[in-house]
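The values are calculated or read from the model by the stated rules, or taken from the named source; none is laboratory data. All values derive from a computational prediction rather than experimental measurement. When we count neighbours, we look across all protein chains shown, and the Cβ atoms used for this are built from the backbone with ideal geometry, even at glycine. Ligands, DNA and RNA are excluded from the accessible area calculation, which covers all protein heavy atoms including side chains. Shrake-Rupley method; radii C 1.70, N 1.55, O 1.52, S 1.80 Å.
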Amino acid sequence: MPTRAVRADRLVREYRDEVGREVGRLIRLAKKLGVPREKAIEILADVPYRLSVEEAEARLRSLVGNKQD
């Protein structure tokens, strides 16, 4: 039976991997939307510390919406 530390380590790794996949998806979205690299970095640097993935996605999309107006 795994110890608590081993289980905790596994959970942390799974969380980190999931966040990495989500950030990767956001990077691809930013490229697809044509968001300037500097702006995308500003937004994505805050995931997951200050922004959720959903909030970051909304900000990326709003940048594109503002640019087209």
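Tabulated results
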{"quantity": "Residue within segment 28-35 that is surrounded by fewer than 11 Cβ atoms within 10 Å (Cβ to Cβ) and part of a helix (DSSP H, G or I) present", "calculated": "yes"}
{"quantity": "Which numbered condition Leu51 misses (of (1) surrounded by 14 or more Cβ atoms within 10 Å (Cβ to Cβ); (2) not in a loop (DSSP other than H, G, I, E, B))", "calculated": "(2)"}
{"quantity": "Residue list for segment 1-27, restricted to those being open to solvent by less than 70 Å² (accessible area, probe 1.4 Å) and either among the hydroxyl-bearing types (Ser, Thr, Tyr) or touching a residue at least 24 places away in the same chain (Cβ under 8 Å) (or both)", "calculated": "Val19, Glu22, Val23, Leu26"}
{"quantity": "Filtered residues of segment 36-48 (kept if open to solvent by less than 70 Å² (accessible area, probe 1.4 Å) and in a helix (DSSP H, G or I))", "calculated": "Ala40, Ile43, Leu44"}
